[in-house]
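Below is one structure, written out as C-alpha cells; comments come after it.
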Amino acid sequence: MKAIRVQEFGGPEVLRLEDVPDPHPGAGQVLVRVRAVGVNPVDTYIRAGAHAVRPQLPYTPGLDAAGTVEAVGEGVTRVSAGDRVYTSGSLSGTYAELALCDESQVHALPARVSFAEGAGVSTPYATAYRALFQRARATPGETVLVHGASGGVGTAAVQIARAAGFKVIGTGGTEEGRRLVAEQGAHHVLDHHAPGYLEELSAITNGRGVDVILEMLANVNLNNDLSIIAKGGRVVVIGSRGPVEINPRLAMTSDATVLGMMLFNAAPQEFAGIHAALVAGLEAGTLRPVVGRELPLSDAARAHEEVLKPGAHGKIILIP
C-alpha cells in the first residue's frame, strides 16, 4: 500500500509517500480501508518531535480517518467487514491506504456523513466535547465563548455547545471565518482582531462575563480571557504556541479556574462516553463536520503547512 512515512523528526519535508507492506489484523484488531484522512495541528507537533507523544521511527502519522472495514481479527464483535467507520487513533497511522486499529478505535459512521466529513470527526469533536463537559463540567444554560471558532475544534465546539443548550459566542479573525461560525449556530460572532471586541463581549453578557471559555491560542488570549470571565468561570486551554504573562489578580477576583487539557489524557471510559455522544450527534444531524479543503495524500507536507496558518476554515482532508 501507499503510506506517508517519517524517517526522522523535522519539518513538513520529512513526510514522504512510500510503498509499505499491507498490515493484517490480529486478535481484537480492525483493518480499515481509508477513504479520507483528517489533518490536525497535533500531527505537526508529533512530526516535529515537539510533542509529549514521540512515536518510534520510522512511523506513519495520523489519528483520524474514515473508510470501510476491510477485515477484522479474532474476537472483534463491534464491527464487520464492509461497515462504514471513522477512527479515533490507529496502531499503524492513518496517512495511508490501509490503517490498522484496535477495535476500540473504530466507530460507526452514519450513512448521512461523507467519508471526508467523517475524517474530521475524531480529534476536533472529541477535543471540544472533553473540554466542555469533562474538563469545564459546563451546564446547559451557561454562556460559552469559543475563542477561535472557525477551525476544526472551534466549529465542533460551536455545534456541540449549541445543540446542548448553551448560549454560544464565537470569534473569528476573518470575515469568511466569522460567517462560518455563524453558520454553525453561534448566537453571537465577534472579530477577535477588532480593538473593542472585549467591550462588545461584556455588553452581550450585560457585564456579567462568560461562564466557560474554550481557548485555542492561550499564549495570545489568556490574560484577556481572565478579564472577561464570570464569577466561578472556567477557561479550558485547548491550544497554545508559547508562554504568556497573566495577572493572577484577575483570576482571584472572579474565583476563576484555568484548566489545561490534552485529549490523550482521557481515560478509556471517558473516550467511550465521548464517542457514544459523537455518534449520536452525527446520526441526529446536530453535528456536521466542516471540510475546508481536500488534498491528495501525496500533498501531506503542504497540508501540514496549511493547518498551522491563521484563519483556518474547517478541516483539511487528505484523500488516498
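Structure notes:
- Among residues of region 183-197 being in contact (Cβ under 8 Å) with a residue 12 or more places away in the chain and surrounded by fewer than 16 Cβ atoms within 10 Å (Cβ to Cβ), the one that is nearest to Gly141 (Cα to Cα) is Tyr197.
- Subset of region 1-12 [open to solvent by 40 Å² or more (accessible area, probe 1.4 Å), under 24 Å from the mean Cα position of the chain (by Cα) and within 17 Å of Ala96 (Cα to Cα)]: Arg5
- Meets criteria (in contact with a strand residue (DSSP E or B) (Cβ under 8 Å, 6 or more places away or on another chain), aliphatic (A, V, I, L, M), farther than 27 Å from Ile238 by Cα and open to solvent by 60 Å² or more (accessible area, probe 1.4 Å)) for Ala81: yes
- The criterion of being surrounded by 21 or more Cβ atoms within 10 Å (Cβ to Cβ) and β-branched (Val, Ile, Thr) holds for Val30.
- Verdict on Gly38 being of a type outside the set (Ser, Thr, Tyr) and either without any contact (Cβ under 8 Å) to a residue 12 or more places away in the chain or out of contact with any Lys or Arg (no Cβ under 8 Å at 6 or more places or on another chain) (or both): no
- Checked against (1) of a type outside the set (A, V, I, L, M, F, W, C); (2) under 25 Å from the mean Cα position of the chain (by Cα); (3) crowded, with 20+ Cβ neighbours inside 10 Å, Gln56 passes all but condition (3).
- Only residues that are closer than 17 Å to Phe133 by Cβ and either under 20 Å from the mean Cα position of the chain (by Cα) or part of a loop (DSSP other than H, G, I, E, B) (or both) were counted across region 234-270, and they come to 16.
- If you check Ala27, Ala50 for being more than 17 Å from Tyr86 (Cβ to Cβ) and either at pLDDT below 95 or of a type in the set (D, E, K, R) (or both), only one passes: Ala50.
- Taking the conditions (1) in a helix (DSSP H, G or I); (2) within 20 Å of Gln159 (Cβ to Cβ); (3) of a type outside the set (Val, Ile, Thr); (4) in contact with a helix residue (DSSP H, G or I) (Cβ under 6 Å, 6 or more places away or on another chain) in turn, Gly273 satisfies each one other than (4).
- Tally, over region 297-320, of residues that are open to solvent by 20 Å² or more (accessible area, probe 1.4 Å), touching a Leu at 6+ places or on another chain (Cβ under 7 Å) and not in a helix (DSSP H, G or I): 3
- Looking across Ile316, Ile229, one residue alone is under 19 Å from Gly118 (Cβ atoms) and either among the hydrophobic types (A, V, I, L, M, F, W, C) or within 16 Å of the chain's Cα centre (by Cα) (or both). It is Ile316.
- Any pair with Cβ under 7 angstrom, 6 or more apart, that starts in region 4-17 at a residue that is under 12 Å from Tyr59 (Cβ atoms) and ends at one that is acidic (Asp, Glu): Arg5/Glu18; Val14/Glu8
- If you go through region 249-284 and keep only what is of a type in the set (S, T, N, Q) and without any contact (Cβ under 8 Å) to a residue 24 or more places away in the chain, you end up with Thr253, Asn265, Gln269.
- Of all the criteria given as (1) touching a residue at least 40 places away in the same chain (Cβ under 8 Å); (2) in a loop (DSSP other than H, G, I, E, B), the one not satisfied by Ala65 is (2).
- Boolean, Asn224 is out of contact with any Cys (no Cβ under 9 Å at 6 or more places or on another chain), touching a residue at least 12 places away in the same chain (Cβ under 8 Å), surrounded by fewer than 16 Cβ atoms within 10 Å (Cβ to Cβ) and part of a helix (DSSP H, G or I): no
- Residue ID - farthest from Asp64 (Cα to Cα), chosen from residues in region 276-296 that are in a loop (DSSP other than H, G, I, E, B) and under 17 Å from the mean Cα position of the chain (by Cα): Thr286
The values are calculated or read from the model by the stated rules, or taken from the named source; none is laboratory data. Quick caveat: nothing in here was measured; it's all calculated off a predicted structure. Virtual Cβ from ideal backbone geometry, glycine too; neighbours counted across all protein chains shown. Accessible surface areas use protein heavy atoms only, side chains included; no ligands, DNA or RNA. Shrake-Rupley method; radii C 1.70, N 1.55, O 1.52, S 1.80 Å.
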